[in-house]
There are 2 protein chains.
Amino acid sequence: METVAIVGVGLIGGSLGLALRAAGFTGSILGVSSDATIAAALKRGAIDQGVSLQTAAESADVIYLAQPISRILDTLDQLGGMVRSDTLVTDAGSTKMEIVQKATKVFGGCHFLGGHPLAGKEARGVEAADANLFQGRTYVLTPRNSAELDTKQTQSFISWLQKCGTSIVVLSPEDHDNTVSYTSHLPQMASTALAAVLSRLPDDRLRVSGPGAIDMTRLAMSAYEIWDDILSTNRDAVDHALGVYIDKLTEIRHNLQTQRLGEDFRVAADAAIRLRHVGVTSESERGLTPCD
Amino acid sequence: METVAIVGVGLIGGSLGLALRAAGFTGSILGVSSDATIAAALKRGAIDQGVSLQTAAESADVIYLAQPISRILDTLDQLGGMVRSDTLVTDAGSTKMEIVQKATKVFGGCHFLGGHPLAGKEARGVEAADANLFQGRTYVLTPRNSAELDTKQTQSFISWLQKCGTSIVVLSPEDHDNTVSYTSHLPQMASTALAAVLSRLPDDRLRVSGPGAIDMTRLAMSAYEIWDDILSTNRDAVDHALGVYIDKLTEIRHNLQTQRLGEDFRVAADAAIRLRHVGVTSESERGLTPCD
């Protein structure tokens, strides 16, 4: 990997540029974004140069799509006739089935590797980019078959992801989308629903809250533009996860009356501890500044 | 307030001792707890001396009950015949109706003022006590009538709470319990239910999580012994809040199909931002160490 083009230099794209530099990448980092974003990204040192998508396709050996999902789908269409045969196109979209299907249609069997860094914060834009954003985070790759991971370009890209501090997990696009409907999309919906319920309280009641309410409503501040794309490309899985969550809450509500909640608390605490033991950490635990 | 006796020198009681000292309280701080806790509390500097409940009742002008709710109810029974007529008994229990009813029965109209600091973390015990735990936190007082706030002893106690950094809110016991069913108990149940759903995932799927899942499962690590008391003394209100939450999730699940989730996200984000504007902050925002 000698020249990487980041398409969409926002939080994720900008952080990748900063992280590559911090990890010792000495190649060229091109950015494809609006003029204002390119100016901000150059100022942050996240990219070396702003270019058109056409120029990026001609000169980069790795094209990294870090746009919202619907924009990634558009960009794949545009890239169809542009990309060199030895170029790797990869993406950072939060759902994978639609993107991988589109890439297969546009490029055939080669060129493309889907990806999803489990990193982020509510703040958006290159201004919030952070060289440490990927540090200690799971990065899912979703090849259509394992041979896709063995090309020279892909191996080089993966080794840079690892140098940026990520921990690689390989899943099929289907398994990815099913898994994140529980681990990412359900937490978002639970937070949004909770904050929507709390919205009915006036200020003088709302302030009778502790740190727990703050934790549980942080995700509710996420931008809907991002989530609209995520939910509309993973609707069935999210619907199912929401159904499972509603069933569990209904069961807990019933157990509240029979005073048999001890087992629910024990199972939940074990899962919360296990989540921390498999290596996932919060932003604050990593010493990063939370954005709320 | 010259001598305060803290009954139950755990996280809250120990933090009160440390906070009073840090705020310049030069009177005597007595502790009533098990031998092991008294030893740990003395070592932390949270109390000056361990005494029996009888001695505390004879010598303290403020008795601060910082035990779990069921223990507070027991202690009130024991204190019935012990307390001097000029002593203020107050508590830090997370629900107020049962405690205030019991205190009225035991003491008659005087002596008692219910309280609830909206502060805490999952870690328990005097080892986790923190002189800054109350800093910037809402502290609810639940007098049966406003005259109860006007006694000399109560005024002195309130001024020390304020010196410890709390912001005082006055509510009736009923209004308190209804409010916290939404602002505290519902977030706990939402977190427990989410973690219980996530418990079904194996480790290699669970690690496909980001910081959002960590935020949303922190409360799930709370001790059931504490919550058993809270839920059994506020069951109807929690049942109602859970019903409202389940209805909102069901509505969101429906809107997922019709793609009309924008309004849910907007209302939720506004509430999450408003929660932060009424002065509630997370532990990490305050530079304290989270305990997960």
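The values are calculated or read from the model by the stated rules, or taken from the named source; none is laboratory data. This structure is a prediction, so every number in the text was calculated from the model and none was measured. Quick reminder, even Gly has a Cβ in these numbers, built from the backbone with ideal geometry, and neighbours come from all protein chains shown. What goes into the accessible areas is simple: the full protein's heavy atoms, side chains included, and nothing from ligands, DNA or RNA. Shrake-Rupley method; radii C 1.70, N 1.55, O 1.52, S 1.80 Å.
The figures follow:
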read-out: Other-copy label distances relative to A:F107, 7 angstrom Cα-Cβ extension, nm; value: 7.2
read-out: Protein accessible area in region B:38-155, 1.4 Å probe - carbon and sulfur %; value: 48 percent
read-out: Those aspartates and glutamates that a straight Cα-Cα span of less than 13 Å connects to A:K152, excepting residues fewer than 8 apart in one chain; value: A:E2, A:D61, A:D86
read-out: Per-copy distances of the B:S85 label point, shortest first, in nm (7 angstrom along Cα→Cβ); value: 10.2
read-out: Region A:29-86 and region B:59-91: distance between their alpha carbon centers, rounded to Å; value: 68 Å
read-out: Other-copy label distances relative to B:L149, 7 angstrom Cα-Cβ extension, nm; value: 6.3
read-out: Most mobile of B:A123, B:A36, B:A220 in a GNM of chain B (Cα contacts under 10 Å); value: B:A36
read-out: Cross-link partners of B:K43 among aspartates and glutamates (Cα-Cα below 12 Å; sequence separation of 8 or more within a chain); value: B:E127
read-out: Modelled FRET efficiency - R0 25 Å, A:D48 with A:K152, Cβ distances, 0.05 increments; value: 0.60
read-out: Helix-only mean residue ellipticity at 222 nm for chain A, each DSSP H run of n ≥ 4 adding -39500 (n - 2.57), per residue, nearest 500; value: -15000 deg cm²/dmol
read-out: Surface per residue (accessible, 1.4 Å probe) for region A:44-104, Å²; value: 37 Å²
read-out: Most mobile of B:G165, B:G80, B:G13 in a GNM of chain B (Cα contacts under 10 Å); value: B:G80
read-out: Residues in region B:244-261 that, when all protein chains are in place, have 20 Å² or more less accessible area than the chain alone would give (probe 1.4 Å); value: B:V244, B:Y245, B:I246, B:K248, B:L249, B:I252, B:R253, B:L256, B:Q257, B:Q259, B:L261
read-out: Heavy-atom surface of region A:156-204, accessible at 1.4 Å and reported per residue (Å²); value: 29 Å²
read-out: Compactness of the protein assembly as shown, expressed as Rg and Dmax over alpha-carbon positions, Å; value: 27.1, 89
read-out: GNM flexibility winner over chain A from A:H277, A:H116, A:H240 (Cα, springs under 10 Å); value: A:H277
read-out: Compactness of chain B - radius of gyration and Dmax, Cα, Å; value: 20.4, 67
read-out: Within straight-line cross-link reach of A:K102, aspartates and glutamates at Cα separation under 17 Å, skipping those fewer than 8 residues along the same chain; value: A:D74, A:D77, A:D91, A:E148, A:E174, A:D177, A:D229
read-out: Spatial separation of Cα centroids for region B:139-155 and region A:102-146, in angstrom; value: 57 Å
read-out: Summed buried accessible area for A+B [probe radius 1.4 Å, Å², rounded to 100]; value: 9200 Å²
read-out: Per residue accessible area in Å² of region B:238-280, where ligands, DNA and RNA are left out and the probe is 1.4 Å; value: 44 Å²
read-out: Kirkwood Rh and Cα Rg combined as Rg/Rh, region B:1-142; value: 0.93
